[in-house]
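Here the structure comes first, spelled out in C-alpha cells, and everything after it is commentary.
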Amino acid sequence: MKIYSPIPAAAVTLSVALLSVKGFAPTHLSMQSPSHRRQMNNADNFVADKRTTINDNKTNKQQLIKCPLIKPLATALTIFSLVITTTLSPNPQPVQAADYGAFTDEQRFIAEAWRTVDSAYIDRTFNNQDWFQMRQDALKKKYKNINEAQAEVEKMLSSLGDRYTRYLPPSKYESIVNAATGNLYGVGVELAQSGDRVMASDVEPNSPAARGGLQRNDVFVEVDGVKFDDGKATPDDVAVVVRGPEGSKVGVVIERDGKKLDFILTREPIKITSVRSYIGDKSGVDGKVGVVRIKNFSGTTADTVKEQLEELKKKGAQHFVLDLRGNPGGLLPGGVDTASLFLEANKPVVFVADKNGVVDAQSTFKDGVDLETPLVILVDRNTASAAEVMTAALQENKRALVAGEQSFGKGIVQTIRQLEAGKNGGVAVTIARYETPEHHNINKQGITVDVKTNVDCEKDDALSCLPKEAFRKI
C-alpha cells in the first residue's frame, strides 16, 4: 500500500505501506495550511475560487458543466499530498451536537454523521430518497452501544449507492491520519482492485515486499490473520492491516497461480520514486523513444517530468511515451501541471463542479516546454483520477495519442471529515465531480483509448506493449 509523505518532494521517505487504492477509490489525501483559504482536494482535487453557478431547478440533477470560467493553472504550494482521491483538513470544523441535549451519545454520533454528509454531499437527491426522513428514523431508535450506532451510520451511507461515500471506523480513520503525519510504516506494495479481490499492482524495488518475494499480480488472501477472500475487501481494507509501526512484523498470505504462499515481512520506511525514465528503440519507429513512467502525481511531478524530458532529449529521444499504467492519481494540480508541459497557452485542462454547480475551470496560461515531439500515453484499467485528467486533457486537445485499455473511470472528488474529534472515526464524502475539456463525464466510464493494445509488459519496458500504430501522427 503506497502512502506518500506529506512533504512535497520528488522522492520522499514514506512512513506507510503502499496505499495507492486503485480499483476501489484511488483515494488521495491532502493537508493544507490553516491560512490557506481555498479548499483543495487532491487526486481528486477541488479548487473553489472564482466561480460560475449552474442551476437546474426542475430536476435538481447533476448536469454537464456549461459555463466555465477560465482560470490560470496554479499549484498550491501549501498543499501536502498523500496517495490514498480524498482530503483531510488539519483543523476540520466539527458538526456541533451541543443542541442535541436529549439525545444519547449514540444518537448524537448519528446526528453528527448525518449532518456532515448532508452539508457536503454532491448528489442533492441523496440517491432519490428522503434523506431527512432517514435521519429521523435513525434517531428514533435506541442503541445499546456505539457499535450499533456505527452500524446504523454505515447503513445510512450505503443507501446512497456511492462506494466512495462511506463511514471510516476509528482504526481506519486513525490509520489515514497517521499516514498523513508520517507515523506508520509499510512494506512497499501498491494495491489495486481486481474484480472482487485485492492484488499487488506493483512492488517497489528493494522494499521489504520485493526482498521477501512478493510479485506484481499477487492476490491478497490474508494479512495478520484478517481474511480478505470474501469478495468484499477493498485496497483500503488491506492497507489498514498491512501498515504498522517501524520494525514490526506482518504476516501476508497471497495467491499466485492457484497456490497460496506465506510471507513474513518487516515494516520499514519506504522511499518511493514516483517518476522514472529510460530510452529505447522501437521497430518501425524512426528515432529513439524516451519513456517517462509516472506512478502518481504530487506537487513536484511536473518539474520532475520536465527534467526527465530534457535529459531524454539530450540522449536523442525523438518520441515520448508517458506510461501511466497503474497510476491511481494523486494531487490534481500535479496532473494538471504535467499536462500543461505539452500544451499551448489558453487550452482547457479540466472543469470541476461542487454540489451547488459551482464551477472551477482550469486552463493553461502559457505555452508548455514541448509542443511538438510526438507523444503517446499508455494507460490501463487502473489508471485513475488525476492521471485520467491529464490523459483526457492531452487526448482531447489533440496533443497525444492514447494506447492501452479503457481507464478506471473516477471523475469524482472525496473529502474526509472526522466525527466527534476523531474519537468515533470519520466519514469520506463525495463533494465534487470533474469533466474533461470536451465536457465528458468519465466517472464509471473511463477514457476510451485510440489504440487498443496489451498492457501486461514489464513496468520498465513499456515499448514492448506498444505497436507501431501507436506512433502514428494525430
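The values are calculated or read from the model by the stated rules, or taken from the named source; none is laboratory data. Only a predicted model underlies this, so the values are computations on that prediction, with no experimental measurement involved. We place every Cβ from the backbone using ideal geometry, glycine too, and count neighbours over all the protein chains shown. In case anyone asks, the SASA skips ligands and DNA or RNA and just uses the protein heavy atoms, side chains included. Shrake-Rupley method; radii C 1.70, N 1.55, O 1.52, S 1.80 Å.
Mind checking the full-extension length gain between LYS140 and SER283? Use 0.36 nm per residue of separation minus the Cα-Cα distance, one decimal, nm.
Numbers: separation 143, 0.36 × 143 = 51.48 nm, distance 7.01 nm.
Length gained, LYS140 through SER283: 44.5 nm.
Kindly provide the Kirkwood hydrodynamic radius of the range 266-422 in Å, to one decimal, from all pairs of distinct alpha carbon atoms. It would help to have the intermediate numbers written out before the result.
Working: mean 1/r = 0.0604 Å⁻¹.
16.6 Å is the Kirkwood radius here.
Within the full protein context, the accessible area of GLU112 is estimated at about 10 Å² for a probe radius of 1.4 Å.
Applying a DSSP loop filter and a limit of 15 other Cβ atoms within 10 Å to the trypsin sites (Lys or Arg not before Pro) in the range 377-409 leaves LYS398.
Please find the FRET efficiency linking GLN133 to ALA102, where r is the Cβ-Cβ separation and R0 is fixed at 22 Å, and quote it to the nearest 0.05. Please report the intermediate quantities before stating the final value.
Values: r = 20 Å, r/R0 = 0.89.
With R0 = 22 Å, the Cβ-Cβ based efficiency is 0.65.
Identify the trypsin sites (Lys or Arg not before Pro) of the range 151-236 meeting these criteria: DSSP loop state and at most 13 other C-beta atoms within 10 Å of the C-beta. Numbers along the way, then the final one.
Values: sites: LYS155, ARG163, ARG166, LYS172, ARG197, ARG211, ARG216, LYS227, LYS232; in loops: ARG163, ARG216, LYS232.
Loop-located and lightly packed - ARG163, LYS232.
Across the range 459-470, coupling constants 3J(HN,Hα) worked out from phi with the 6.51/-1.76/1.60 Karplus curve, θ = phi - 60°, read 4, 9, 8, 4, 4, 6, 7, 9, x, 4, 4, 5 Hz, and Gly and Pro carry x.
Of the chymotrypsin sites (Phe, Trp or Tyr not before Pro) in the range 332-405, the ones in a loop by DSSP (not H, G, I, E or B) with at most 16 other beta carbons within 10 Å are PHE365.
Couplings for the range 164-172, taken from phi via the Karplus curve 6.51 cos²θ - 1.76 cosθ + 1.60 with θ = phi - 60°, read 8, 8, 7, 7, 10, x, x, 5, 6 Hz in order; Gly and Pro are left as x. A cut-off of 5 Å between modelled amide H atoms, ignoring neighbours fewer than 5 places along the same chain, links TYR185 with ALA17, GLY244, GLU246.
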